[in-house]
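Participant: Structure provided below as structure tokens; questions to follow.
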Amino acid sequence: MTVKNAPTTTPDWQAAVRRRTRFYVLVAVLLAVLFGFLVFQFFSRQQRLAPGELTPAVFAAQDIEIGTLLTAELLDVRDVSIRAVPDSHLTFKEQAIGKLALYPLTKGEVVLPEKLAGDQGGAVAQRCPSGKWCVSIPVAWFIAAPPDLAEGDRVEIASALPGKSLSEAGFIATEVQVVALPTEEEFPAYVFALDDQEALSLLYAHANEFQLLVLLRPAGG
């Protein structure tokens, strides 16, 4: 009986296994390279943000009042830790010179762009709430001096006709925000944030000699 020789060719399934093995090895190599790159990037970034790294930052060289036009003499540039100042900090004086302070700045305070009036109007316009009108109301319009107000306080404005029953009195403006306080002028005035109807009601009441009164809304009230 004649015995046939065993086939010398590799079965298809063995070739497929070898191809798949090479593929897995290649993927493993690529993943290792990618992991190494990510690790390198991470440590490079950590080194860039090291606590000892310094960055120039603009500070107030003295106390600065609201509405002050910033000049070089009012500003100071110091090198500080990059982690000691917000990302939005200014790095040179020219970025702040010629702009108005929207809020008071204390000596040594870092100057941030959001605290300055940019290209969208002056200090009052920047602080006027969205959807409101900022209206200057003379102190003399009120029958009694308003309480000791601060910027950001909320007040109510009531009106009544002289000689009429108090039952006919009413509020003509509510939830009114104090935007600016009176300054040392001949005719001191508050700046209130009102909607258009409240502004017209206030004008009508004054023109018709209504008595006006400001009531301070308590904090949290």
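Participant: Once you list every other residue whose beta carbon is under 14 Å from the beta carbon of Gln177, what net charge do they have if Lys and Arg are +1 and Asp and Glu are -1?
Facilitator: That sum, taken over residues with Cβ under 14 Å, equals -2.
Participant: Using alpha carbons only, what's the Rg to Rh ratio of the stretch 52-143 with Rh from Kirkwood?
Facilitator: 1.10
Participant: For the stretch 141-192, treating each Cα as an identical point scatterer without solvent, what Debye log10 I(q)/I(0) comes out at q = 0.16, 0.24, 0.28, 0.30 1/Å?
Facilitator: At q = 0.16, 0.24, 0.28, 0.30 Å⁻¹ the computed log10 ratios are -0.56, -1.00, -1.17, -1.24.
Participant: At 1.4 Å probe size, with every protein chain present, just tell me what the per residue accessible area of the stretch 95-199 comes to in Å².
Facilitator: On the way: 5880 Å² over 105 residues.
So the stretch 95-199 comes to 56 Å² accessible per residue, rounded to a whole number.
Participant: May I pose another question? Could you look at the stretch 138-204 and say what percent of its accessible area is carbon and sulfur, using a 1.4 Å probe and all protein chains? Write out the running numbers ahead of the final one.
Facilitator: Numbers: 2170 of 3890 Å².
Exposed carbon and sulfur together represent 56 percent of the surface.
Participant: With θ set to phi - 60°, apply the Karplus curve 6.51 cos²θ - 1.76 cosθ + 1.60 along the stretch 152-169 and write out the HN-Hα couplings as whole Hz, x wherever there is a Gly or Pro.
Facilitator: x, 4, 10, 10, 10, 10, 10, 9, 7, 7, x, x, 8, 5, 5, 5, 8, 6
The values are calculated or read from the model by the stated rules, or taken from the named source; none is laboratory data. Since the structure is predicted, the reported quantities are computational estimates derived from the model, not experimental observations. Methodologically, a virtual Cβ is constructed for each residue, glycine included, from the backbone with ideal geometry; neighbour enumeration extends over all protein chains shown. Heads up: the accessible areas ignore ligands, DNA and RNA and are worked out on the full protein's heavy atoms, side chains in. Shrake-Rupley method; radii C 1.70, N 1.55, O 1.52, S 1.80 Å.
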